[in-house]
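Take a look at the structure below.
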Amino acid sequence: MACHRIIQPASRRDFLTSAGAGFGGVVFSALTGQRLFGSELDVKNPVAAKIPHHLGKAKNVIFLFMEGGPSHLDLFDPKPLLNRLAGQPLPSSFDRPITAMGEANAALLESKRTWGQYGESGLWISDWLPRHHEIADELCVIRSCVSDGINHAGGVSQMNTGSVFGGRPSLGSWVNYGLGSVSQDLPAFVVIKDSNAMVVNGTRCWGTGFLPASFQGTLFENGDEPVANLNLPKGVAPRRQAQKLSFLEDLNREHLRQRSSNDELEARIASYELAYRMQSRAPEAIDFEGESERMKEAYGLNQEHTRVFGRQCLMARRLVERGVRFVQLYHGAGSKWDSHSGMEKNHSRLCGNVDQPIAALIQDLKQRGLLEETLVIWGGEFGRTPMSEKGDGRDHNPTGFTMWMAGGGVKGGQTIGATDELGLHAVEDRLHVHDLHSTILDLLGVDHTQLIYMHKGRPERIDLNEGQSIAQALRT
């Protein structure tokens, strides 16, 4: 359960001040129909919306996950020295990182990109992402990210759960647990992959670990039928279906009454009930027929190379628009962004897949007035090394890489942190994954030190008690 500091008033004035603020929260809770943050889980609806710890501009999250590790050195972090020293070994003055598969004495690999500064802010972006030039002033680029995962399993696990070892609750599940859902007819946490390939670590990336199972992510497939078995079977009338499911609910509730401690059983029953409500709500949410042809073209649905991720981005906008709290889009499922060789071909194709849809998403959210309350995050599990691998690729680099945020109260057009002259190590304002998770929660109005779940007698947090939020720096 969520834990909170207990304030002991020292005087009558202190008591009235504290009590007054508390009564205001109770009144607000009653007016909005929401439960106070951290109250007992509602057995009937464990994901009911909760009031956050403090006012945060962000209400929703869209996490654009580029699985496999995109190269910051070729996208957002230009290094002139890298090109001058290309073909030479890494200078002895640079600490050699621990990498998964790197060649010990590999030569430095130049970046073949053309760089420019864009927007009023003059943000550096390469020619691999030409449509990102249009949204430069919306992006807050963080060049000093750090992870502990040296391989894909550990890196993807930590970026999603905070730990390099699988089994802990995912970030989306923590957000779901802390804030709940404002939609009664759609999942609070939705995951959409770009292909049938499974993400590294599979469903554990959006699982709940030791949190109640009700807070896990719901997988939507990318295609004409994102949710399997969503439509009624042929010949079954809605009234008949409703009567059947009502009877089934009565049986399930009676079964649960004698097994109230079984949270997985409770979650299964809740999922049945949600599935029924989704039969009326979800088809409209995932149906693009109401979107104009101009909007579909903006997301790239009319082009083969952008169609898949364009559908993902457009669906993400439609979902947050309808109250879904956390949407995670995977591009390159199965570590497609991994580029130990053939980087030019690999990243050229993948950047071409996502560039236009991402720009369209940011512009669309802004035009609809949704960007201020929707935090968009871009990145992978780590970056790439300046040293070459197999002559024309780059190895994994968790010691310094780039991610960016937009919306959700974050000031765009700024760069946070820095890597060294070769882009190998973060050397200024290092942001560990734990800090990243703490910051995301802070922007949502959640104090990461107070979002706690007691597990086996231990108070557990998303950041493993190690994170520090930099939300204030992102807002300024």
**Fill in**
Those residues of region 53-85 that are among the hydroxyl-bearing types (Ser, Thr, Tyr) and free of Cβ contacts under 8 Å to residues at least 40 places away in the same chain come to a total of 0
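For every residue, the table says whether it meets (1) outside any loop (DSSP other than H, G, I, E, B); (2) touching a Lys or Arg at 6+ places or on another chain (Cβ under 8 Å); (3) surrounded by 23 or more Cβ atoms within 10 Å (Cβ to Cβ).
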site	(1), (2), (3)
MET405	yes, no, yes
LEU436	yes, no, yes
GLN450	no, yes, no
GLU466	no, no, no
LEU474	yes, yes, no
**Members of region 285-330 found to be of a type in the set (D, E, K, R), touching a helix residue (DSSP H, G or I) at 6+ places or on another chain (Cβ under 7 Å), assigned to a helix (DSSP H, G or I) and touching a residue at least 24 places away in the same chain (Cβ under 8 Å), listed by number** = ARG317, ARG318
**Request:** Looking only at region 347-368, decide whether some residue is modelled with pLDDT of 95 or more and assigned to a loop (DSSP other than H, G, I, E, B).
**Result:** yes
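Answer yes if at least one residue in region 270-279 is surrounded by 11 or more Cβ atoms within 10 Å (Cβ to Cβ), over 30 Å from ASP355 (Cα atoms) and at pLDDT 75 or above, and no otherwise.
From region 270-279, those surrounded by 11 or more Cβ atoms within 10 Å (Cβ to Cβ) are 270-279; that's our starting set.
Filter once more, so that each one left must be over 30 Å from ASP355 (Cα atoms): 270-279.
Subsequent filtering for residues that are at pLDDT 75 or above retains none.
No, region 270-279 has no match at all.
Would region 184-195 turn up any residue that is closer than 21 Å to ASP435 by Cβ and touching a helix residue (DSSP H, G or I) at 6+ places or on another chain (Cβ under 8 Å)? Show your work before the answer.
Initial filter on region 184-195 (closer than 21 Å to ASP435 by Cβ): none.
No: region 184-195 contains no residue that is closer than 21 Å to ASP435 by Cβ and touching a helix residue (DSSP H, G or I) at 6+ places or on another chain (Cβ under 8 Å).
Please enumerate the residues belonging to region 370-392 that are in contact with a Lys or Arg (Cβ under 8 Å, 6 or more places away or on another chain) and assigned to a strand (DSSP E or B). Explain how you work it out, then say what you get.
Filtering region 370-392 for residues in contact with a Lys or Arg (Cβ under 8 Å, 6 or more places away or on another chain) gives 370, 372-374, 384-388.
Within region 370-392, THR374, ARG384, THR385, PRO386, MET387, SER388 meet the criteria.
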**Request:** Collect the residues in region 344-391 that are in contact with a Ser or Thr (Cβ under 9 Å, 6 or more places away or on another chain), small (Gly, Ala, Ser) and closer than 24 Å to ARG143 by Cβ, keeping them in residue-number order.
**Result:** GLY352, GLY379, GLY383
**Item:** strands (runs of 3 or more DSSP E) wholly inside region 89-193 containing at least 2 residues that are among the aromatic types (Phe, Trp, Tyr) and touching a strand residue (DSSP E or B) at 6+ places or on another chain (Cβ under 8 Å)
**Value:** 115-118
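The values are calculated or read from the model by the stated rules, or taken from the named source; none is laboratory data. Everything quoted here is computed from the prediction, not taken from an experiment. With ideal geometry, Cβ positions are generated from the backbone for all residues, glycine too; neighbour counts draw on all protein chains shown.
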